[in-house]
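Asker: Got a structure here, written out as structure tokens. Questions coming.
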Amino acid sequence: MLKSELKDIINTESDAHMSPNILDKNNYLLSSYLQALLLDSFKCISSYSRFSNKLSRKVINKREGVYIIAIRVLNNEKKSLVYSYIYYNDELFLSLLVYFIKISYFINETYNEWGEYMIFMDNTFLNRLDIERYIWLKNTNSGINLKINYEFENDILKSIVYKNCKIDQKDLIAFTNKLVYINNNNNMADLLNYSFNKNYLEFISTIYNTICTDDFIKIIYLNEDTRLLYTLNRILFFTSSKDELIECSRNKGYDISEGPQQWRGQINSINNFFNYLDVDYRESLYNHSKLHYSKGNLDKSWKDEILTKEHFSFRNIHQHLGNVKW
């Protein structure tokens, strides 16, 4: 496929079911239980000091929920990596999933300094309620999410699978940055390893092997510019077990931590990105709730209690529901 053809398809815009900063127009993503949590937590907030009260808040080290993790290289020779993460209450899973499926809108329109991201999702999430609306895999528990709400992305996948033409490796990696890939934490650590070593053929074949024939690699032609890419900086890990992913990475020979102790109080590029990401996600969640309230899609028992922007504040989402310490 010619480079210009692939870029034209990638840049095409479609608004089949979702639009920027609203999430899903047709399906309300907040359960009755989550609405109750948001309303109740906000009612209980009287001052910031409540969140510093040891009696009212207990720090839980191993929390069930969703961990969004980004990884950077600290030292190439020593295979030393640093990671940072943001945690969300488990009840927010479905809205987070939809948000990350459409994350390219956030990157392109809100904060394009970092470029686009590929999402690697832990396959333990596949048993969640209503996930079939947004996820479909050719295999039962791994592979590229083929049920994407933008038709142009499905068209690209069809071109990759069925067209008998050469594909530029660099363009294929650029398209890969728009996908959600699902597998276990050990497989995701393998992909981290391929990315670190710039073994892009193995990286690509692992991602596409569930939808492509065995001779898929033969139609890829190498591009010298590919060596300048660094896909590790374009991956967000979406997992239910932060500790398992980190341990799997250590088992691949990496020294991975949250960074040297003396640097942990400093602002850094990942934390800066997560700050923008979180603000945009919570704004999306508020706009989503406001839209479905106006359309009358909420459960009748909740129509007298409106979720306001304050219900989606950092304090409510993270300090109360997420048990963030400060």
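FYI, it's all coordinate maths here, none of it is from the lab. Since this is a predicted model, take the numbers as computed values, not measurements. Neighbour counts are summed over all protein chains in view; Cβ atoms, including those assigned to glycine, are modelled from backbone coordinates with ideal geometry.
Asker: Under Stokes-Einstein, with the Kirkwood radius over Cα pairs standing in for Rh, what whole-number D in µm²/s applies to the range 223-295 at 25 °C and 0.890 mPa s? Please list the in-between numbers first.
Answerer: Working: Rh = 16.1 Å.
For these conditions, the coefficient is 152 µm²/s.
Asker: Next question, about the same structure. Under the 0.36 nm per residue contour assumption, what length would be gained going from the current alpha-carbon distance of N186 and F314 to full extension? Provide the component values of the computation, followed by the final result.
Answerer: Numbers: separation 128, 0.36 × 128 = 46.08 nm, distance 3.19 nm.
Separation in residues times 0.36 nm, less the Cα-Cα distance, equals 42.9 nm.
Asker: F312: net charge of surrounding residues, Cβ under 12 Å, Lys/Arg +1, Asp/Glu -1, itself excluded? Working shown, then result.
Answerer: Numbers: positive: R282, K290, K309, R315; negative: D278, D280, E283, E310.
It works out to a net charge of 0.
Asker: Compute the distance in nm between two label points, each set 7 Å from the Cα along the Cα-to-Cβ direction, one at K218 and one at N197.
Answerer: 2.5
Asker: Under the Karplus relation 6.51 cos²θ - 1.76 cosθ + 1.60, θ = phi - 60°, what is the ordered set of whole-Hz ³J(HN,Hα) values for the range 277-289, x standing for Gly and Pro?
Answerer: Once rounded to whole Hz, the list reads 4, 5, 4, 5, 4, 5, 5, 4, 5, 5, 4, 4, 5.
Asker: Roughly how many nanometres apart are two label points built 7 Å out from the Cα toward the Cβ at I131 and S269?
Answerer: Those two pseudo-labels are separated by 3.1 nm.
Asker: Would you mind checking which residues have amide H under 5 Å from I220's amide H? H placed 1.01 Å from N; only 5 or more apart, or other chain.
Answerer: The list, which skips near neighbours in sequence, is I167.
Asker: Residue separation times 0.36 nm, minus the C-alpha to C-alpha distance between L291 and K78: what's the value?
Answerer: Values: separation 213, 0.36 × 213 = 76.68 nm, distance 5.02 nm.
Stretched fully, the L291-K78 segment lengthens by 71.7 nm.
Asker: Which residues' amide hydrogens lie under 5 Å from the amide hydrogen of S84, considering only partners 5 or more residues apart or on another chain, with H built in the peptide plane?
Answerer: A70
Asker: Under 5 Å between amide H atoms, partner at least 5 residues away or on a different chain: which partners does W136 have, H built in plane at 1.01 Å?
Answerer: Here the answer is L146, K147, since their amide H atoms fall under 5 Å of that of W136.
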